[in-house]
């Protein structure tokens, strides 16, 4: 049976960059799982690449139809934003390994749905000051910076990545993302089953 690799980390920890690089590595044979969200698209994002951007009513219809595997709702300064994984055929454990970006809660929900052995947690770590600067730099580049939302997310990460939530998601090690190439190689070794602990 193949596995679902759930890449997670606090905001501005480098998840999107590592996600793209892992998918581009043909030796890993990873298939992407594109999540859905009701939040607005950021500059540089594209429909169906980072997310499928949907309206709240689309989420409600999918949930009522039983197609939502897991979801998280955040009360932002701009109103509620929902992130979710839909059972749309992207995850097929008989066809290959998949990679998705998630949170401890979404990883736990995936483990509940597919089984503990089917889901591997890959948790990034970056020192808080570095993350805050990265987030600020990213937000400044937006057409309409949302600094209040940046602050809300930064603070919410403390609860979202609490030790009990990480344990429930099966996180038993962290990948420090200060040297991207080194971090990428450590994750590659785990995916290939060659890690040295």
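The values are calculated or read from the model by the stated rules, or taken from the named source; none is laboratory data. The structure displayed is predicted, hence computed values, not measured ones. No Cβ is skipped: glycine too gets one built from the backbone with ideal geometry, and neighbour counts run over all protein chains shown.
The residues of segment 1-13 that are touching a strand residue (DSSP E or B) at 6+ places or on another chain (Cβ under 6 Å) and either closer than 22 Å to residue 157 by Cβ or assigned to a loop (DSSP other than H, G, I, E, B) (or both), listed by number, are 3, 5, 6, 7, 8, 9, 13. A residue that is assigned to a helix (DSSP H, G or I), surrounded by 13 or more Cβ atoms within 10 Å (Cβ to Cβ), at negative phi and touching a strand residue (DSSP E or B) at 6+ places or on another chain (Cβ under 8 Å) cannot be found anywhere in segment 76-99.
Here residue 47 clears all of (1) surrounded by 12 or more Cβ atoms within 10 Å (Cβ to Cβ); (2) in contact with a strand residue (DSSP E or B) (Cβ under 7 Å, 6 or more places away or on another chain); (3) modelled with pLDDT of 95 or more except the condition numbered (1).
When segment 115-134 is examined, which residues are found to be in a strand (DSSP E or B) and over 12 Å from residue 11 (Cβ atoms)? Steps first, please.
Kept after step one, since they are in a strand (DSSP E or B), are these residues of segment 115-134: 119-125.
Within segment 115-134, 119, 120, 121, 122, 123, 125 meet the criteria.
Only one entry of 77, 33 meets the criterion of being in contact (Cβ under 8 Å) with a residue 12 or more places away in the chain and over 30 Å from residue 117 (Cα atoms), and that entry is 77.
Yes/no per residue for (1) free of Cβ contacts under 8 Å to residues at least 24 places away in the same chain; (2) over 17 Å from residue 23 (Cβ atoms):
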| position | (1), (2) |
| --- | --- |
| 152 | no, yes |
| 157 | no, yes |
| 161 | no, yes |
| 164 | yes, yes |
| 170 | no, yes |
| 175 | no, no |
| 179 | yes, yes |
| 183 | no, no |
| 193 | yes, yes |
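The set of residues in segment 24-48 being over 23 Å from residue 2 (Cβ atoms) and part of a loop (DSSP other than H, G, I, E, B) consists of 38, 39, 40, 41, 42, 43, 44, 45, 46. Checked against (1) free of Cβ contacts under 8 Å to residues at least 60 places away in the same chain; (2) not in a strand (DSSP E or B), residue 52 meets all criteria but (2). Scan segment 140-191 for residues that are surrounded by 13 or more Cβ atoms within 10 Å (Cβ to Cβ), at negative phi and in a loop (DSSP other than H, G, I, E, B) and the total you get is 7. Going through (1) modelled with pLDDT under 95; (2) within 13 Å of residue 100 (Cβ to Cβ) one by one, residue 42 falls short only on (2). Kindly indicate whether residue 41 is surrounded by fewer than 16 Cβ atoms within 10 Å (Cβ to Cβ) and in contact (Cβ under 8 Å) with a residue 24 or more places away in the chain. Answer is no for this residue. Taken together, 137, 112 contain a single residue that is closer than 19 Å to residue 3 by Cβ and either assigned to a helix (DSSP H, G or I) or free of Cβ contacts under 8 Å to residues at least 12 places away in the same chain (or both), which is 112.
The residue of segment 59-70 that is farthest from residue 109 (Cα to Cα), among those that are in a helix (DSSP H, G or I) and out of contact with any strand residue (DSSP E or B) (no Cβ under 8 Å at 6 or more places or on another chain), is 61.
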